[in-house]
1. By how many nm would the segment from S28 to T11 lengthen if fully extended, with 0.36 nm per residue of separation less the alpha-carbon distance?
2. Out of segment 46-101, which GluC sites (Glu not before Pro) are coil in DSSP terms and have no more than 10 other C-beta atoms within 10 Å?
3. With a 1.4 Å probe and all protein chains left in place, how much of the accessible area of segment 56-183 comes from carbon and sulfur atoms, in whole percent?
4. Per q in 0.14, 0.16, 0.17, 0.18 1/Å, what log10 I(q)/I(0) does a Debye calculation on the alpha-carbon atoms of segment 94-194 return?
5. Test of the criteria: in segment 79-156, which chymotrypsin sites (Phe, Trp or Tyr not before Pro) are in a DSSP loop and have at most 15 other Cβ atoms within 10 angstrom of their Cβ?
6. ³J(HN,Hα) across segment 74-83 via Karplus (A = 6.51, B = -1.76, C = 1.60, θ = phi - 60°), whole Hz, x for Gly/Pro?
7. Would you please give the FRET efficiency between A102 and S136, computed as 1/(1 + (r/R0)^6) with r the Cβ-Cβ distance and R0 = 25 Å, to the nearest 0.05?
8. Please give, to one decimal in nm, the separation of the simple spin-label points placed at E113 and R144, each 7 Å out from Cα toward the Cβ.
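The values are calculated or read from the model by the stated rules, or taken from the named source; none is laboratory data. Because the structure is predicted, anything quoted here is derived from the model rather than measured. Glycine gets a Cβ as well: all are built from the backbone with ideal geometry, and neighbour counts include every protein chain shown. In case anyone asks, the SASA skips ligands and DNA or RNA and just uses the protein heavy atoms, side chains included. Shrake-Rupley method; radii C 1.70, N 1.55, O 1.52, S 1.80 Å.
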Amino acid sequence: MRIPLSSPDITESEIEAVTSVLRTPRLSLGPKLEEFENSVASYTGAAHAIAVNSGTSGLHLCIRALGIAEGDEVIVPSFAFIAVANAVRYERAVPVFVDVDAKTLNLDPEKIETAVTPRTRAILVVHTFGCPADLSPIFSIARRRRLLVIEDACEAIGAEYEGRKVGPLGDAGVFGFYPNKQISLRQDERYGEGTWKRRTRPPAH
Ligand SMILES: Cc1ncc(COP(=O)(O)O)c(C=O)c1O
């Protein structure tokens, strides 16, 4: 049996939703955008959600908004989509690759600590293929070593870790909406595939 990694699941109701927008004069930055941001925030439990053009841009914004800059180090999984390392490089920071667990393909918390240096600012955790990363030990390292945690939940909207939706559990998180993701959106040069969100309150970890 072939199980596709992803395939489109578009019904008449999605087609109707798109055509109803095409019948209005607001094709960009309209009320649907705000509705989408609010629903992502309330569904995932995030304080805010901001839509941007792609998951890559969302990751880049997280890096920049958290003040990660030239020479800073960010721990990233050795197995991930290239955007993870690129987003760190866009700000001239340094991705430090840490091995993943062979079973989950997520960051192996036991391997993180030895990669931490005085220049480490953050751990960028990816929830690979919808499988939540083991966040508890990661948050405890982050707390002990005073590091930020960015969640790349591009492949994992709806996934839960210890009963809470992943994405808003760290300092900032990103969901992806490229057509191979759980939910796909129309691409637009400004708003569409990616959503970035940031907490206003300090993280719970
Ligand atoms: C884990 C992960 N991070 C980031 C991205 C980047 O998202 P986008 O393709 O929307 O730029 C993707 C998606 O392809 C992804 O799977």
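1. On the way: separation 17, 0.36 × 17 = 6.12 nm, distance 2.25 nm.
Here the answer is 3.9 nm.
2. Values: sites: E70, E73, E91; in loops: E70, E91.
Here the sparse-neighbourhood loop sites are E70.
3. Numbers: 2950 of 5710 Å².
Accessible surface attributable to carbon and sulfur in segment 56-183 totals 52 percent.
4. Values returned for q = 0.14, 0.16, 0.17, 0.18 Å⁻¹ are -0.55, -0.70, -0.77, -0.85.
5. Values: sites: F79, F81, Y90, F97, F129, F139; in loops: F79, F81.
Here no chymotrypsin sites (Phe, Trp or Tyr not before Pro) fit, given the DSSP loop and packing criteria.
6. Rounded to whole hertz, the list is 10, 7, 10, x, 6, 10, 6, 5, 4, 4.
7. Numbers: r = 20 Å, r/R0 = 0.79.
In this case the efficiency is close to 0.80.
8. Once both label points are built, they end up 0.4 nm from each other.
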